[in-house]
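Taking it in order: structure first as structure tokens, then the write-up.
The values are calculated or read from the model by the stated rules, or taken from the named source; none is laboratory data. Since this is a predicted model, take the numbers as computed values, not measurements. Note that we place each Cβ from the backbone using ideal geometry, even for glycine, and neighbour counts take in every protein chain shown.
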Amino acid sequence: MSNYDRSMALTGQPPVTLSRNQKLATLLGMFGLAILLLAAFNVNFPGKATWLSISLMAISVGTIWFSWDAYSKKEPGIKNDGVWFKSISSKGFWGWIAGIALTGFYIILYFYPEYLGLVSGGDNKGVIGLFDPLSKALSGNPASQWFVYGTLYTVAILAFGIKFIWKYRHNRYEKIRTFSVMFFQLGFAFLIPEFMARLNGSSVLNGGSLPYYDLKNMWPLNYYNFEGYRIKGFLSSGDIGFAMLIFGIVTIFVISPILTYRFGKRWYCSWVCGCGGLAETAGDSFRQLSDKSVKAWKIERWVVHSVVVFVTLMTTAVIYSYLGTDTSKYWLTKSTFLLGVGGLLTTIFVLVMVFKREQFQKDAKYGAIGYFVIIMALIGFHYFSGEGNVFLFKSETLRKSYSFLIGSIFSGVIGTGFYPIFGNRVWCRFGCPMAAILGFQQRLFSRFRITTNGGQCISCGNCSTYCEMGIDVRAYAQKGENIVRSSCVGCGICSAVCPRGVLKLENGPLKGRIDSNQVLLGNDVDLMNLVNQK
């Protein structure tokens, strides 16, 4: 007990030299990475399954061992732990090296998988070949670059998830939330798709019809969900394929709005999503790097709204391109579809501007511009498109452009590769259309909010420092104003790191959820009413 760190300082202590256990843990983890690096240089390991197991175990055990030694001797509770003194977590030399290395890995993964050993029509080599035994054991198929990525992705969430749970062990919400993302990543994103492919004899290399490897099936995150090949894949797979198609549609219009109404966008962004899971676990050390400036907030809103407009137009164009015009053969024709889309968007826009104008006032111009662009494009689709073309562009061109710019460059290369430079939620904050639409719902009709007790705030700034979405939480806390922001993913870290219990995540009633007059006391309490009560 004499070595137990009992310091209660809010800022923590500047980092010291690594302990012996941390050095050994680092050495063990580097040994696991070295095996993968050697495989990348085509070193032929005789027993691939054994060496792969050694590599993944070494990485996992090294990470968990390091975390245990770093946090086991500290009192429960979160401090800054010297994050601004460490090169890796303060955009120093090692931070940039890590960012460049991650970015380089993603570029190779997305665009040059042959450098990782992918061989078409033959035995894989390199890193991908090292993963062949595991892939064949799970699905019966040889590994691809995406299987390698999925495996490493899952290992990272599990290993760093244990670190996250240990670090935030004083907070029940954080532990349950982390168990949730670990469960969904391991089960629904990794193991179940592989097992389904084996049980149904579907080879991903030969274009299996049912999309086992993408069970979330939710637009607009799955921007390709309604493309012709995917619709045919669903319909050709019997009842289960039809059920997945209907589930995807119901998720958009029913399940997602209901869950967002009850719990806010956190039900997906912080409890289920794999991107959010990696950001919360492996990216936890970089959450303080998110830009809190007003300029960054303005850029965020312009960029993420533009992505939503882009994905809406692209999806509409893709569906429009393979619909017919003969009303005697098809109940859903090109004209009917465009009228339906335009009518739905108009209805939503009018309802929002009539009933939710007060909540929407700051983003009204973004919504109006986006609505105008989409409606004008729909008119263009109808009057200027030729057979197989959509408003001067082929739908395939739109899809490929979105896939390259958003699906690959933004979500992969920048979204994850830039963790050590721009923080762990770059993709979620600036580029994810799913987060934007859920945020729109959260802002307008969700019961979720973060309530504040301004009278207890000491302006330490922990909440703002640790907000990964770039929200200046302290500004709300100082005024005792409830926080209802589109970008908030409900991770709850601001509440977990508050030393005074000022912040609380709630699913309260709609009435009184925002009241800027509550300067001294939050939580929907009117101080003057209390004073005047007899």
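Ser256: outside the structural domain of Leu158 (by TED's automatic domain parsing) and surrounded by fewer than 20 Cβ atoms within 10 Å (Cβ to Cβ), yes or no? Judged against the criteria, Ser256 is not a match.
Within the stretch 93-108, identify whether any single residue is buried (at least 18 other Cβ atoms within 10 Å of the Cβ), over 25 Å from Pro499 (Cα atoms) and at pLDDT 95 or above, and answer yes or no. No.
Residues that are within 27 Å of Ser401 (Cα to Cα) and among the small types (Gly, Ala, Ser) number at least 2 in the following helices (runs of 4 or more DSSP H) confined to the stretch 227-311: 228-235, 274-281. May I ask you to say which residue of Ser67, Ser87 is among the polar types (S, T, N, Q), surrounded by 18 or more Cβ atoms within 10 Å (Cβ to Cβ) and under 20 Å from Ala25 (Cα atoms)? Going through Ser67, Ser87 in turn, the sole match is Ser67. With the condition kept exactly as written, say whether any residue in the stretch 263-275 is surrounded by fewer than 22 Cβ atoms within 10 Å (Cβ to Cβ) and of a type in the set (D, E, K, R). No, the stretch 263-275 contains no residue that is surrounded by fewer than 22 Cβ atoms within 10 Å (Cβ to Cβ) and of a type in the set (D, E, K, R).
Residues are listed down the side, and each one gets a yes or a no for (1) basic (Lys, Arg); (2) over 27 Å from the mean Cα position of the chain (by Cα); (3) at pLDDT 70 or above; (4) not assigned by TED's automatic domain parsing to the domain that holds Thr315:
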residue: Phe381; (1), (2), (3), (4): no, yes, no, no
residue: Glu387; (1), (2), (3), (4): no, yes, no, no
residue: Val390; (1), (2), (3), (4): no, yes, no, no
residue: Arg399; (1), (2), (3), (4): yes, no, no, no
residue: Ser403; (1), (2), (3), (4): no, no, yes, no
residue: Val413; (1), (2), (3), (4): no, no, yes, no
residue: Phe418; (1), (2), (3), (4): no, no, yes, no
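Looking across the stretch 16-55, the residues that are assigned to a helix (DSSP H, G or I) and among the β-branched types (Val, Ile, Thr) come down to Thr26, Ile35, Thr50, Ile54.
Considering each residue of the stretch 288-297 in turn, none proves to be crowded, with 18+ Cβ neighbours inside 10 Å and closer than 14 Å to Ala435 by Cα.
Please state which one of Arg443, Arg429 is closer than 18 Å to Cys491 by Cα and at pLDDT below 90. Steps first, answer last, please.
On the way: Arg429 fails: at pLDDT below 90.
The match here is Arg443.
Can you name every residue in the stretch 109-122 that is of a type outside the set (A, V, I, L, M, F, W, C) and either buried (at least 16 other Cβ atoms within 10 Å of the Cβ) or in a helix (DSSP H, G or I) (or both)?
At the first step, the residues of the stretch 109-122 found to be of a type outside the set (A, V, I, L, M, F, W, C) are 110, 112-115, 117, 120-122.
Those that are of a type outside the set (A, V, I, L, M, F, W, C) and either buried (at least 16 other Cβ atoms within 10 Å of the Cβ) or in a helix (DSSP H, G or I) (or both): Tyr110, Pro113, Glu114, Tyr115, Gly117.
Contact annotation: residue pairs with Cβ atoms under 6 Å, 6 or more positions apart or on different chains, pairing a residue in the stretch 215-234 that is under 17 Å from Leu323 (Cβ atoms) with a partner that is of a type in the set (Phe, Trp, Tyr) and at pLDDT below 75, are Gly228/Tyr322. If we only count helices (runs of 4 or more DSSP H) wholly inside the stretch 123-190, which ones have 3 or more residues that are touching a Cys at 6+ places or on another chain (Cβ under 9 Å) and on the phi < 0 side of the Ramachandran plot? The qualifying helices (runs of 4 or more DSSP H) are 172-184. Checked against (1) modelled with pLDDT of 90 or more; (2) within 30 Å of Val497 (Cα to Cα), Leu134 meets all criteria but (2).
Residue pairs whose Cβ atoms lie under 8 Å apart, sitting 6 or more positions apart in sequence or on different chains, and linking a residue in the stretch 332-353 that is touching a residue at least 12 places away in the same chain (Cβ under 8 Å) and assigned by TED's automatic domain parsing to the domain that holds Met376 to a partner that is surrounded by 14 or more Cβ atoms within 10 Å (Cβ to Cβ) and outside any helix (DSSP H, G or I), are Lys334/Leu323; Phe337/Leu323.
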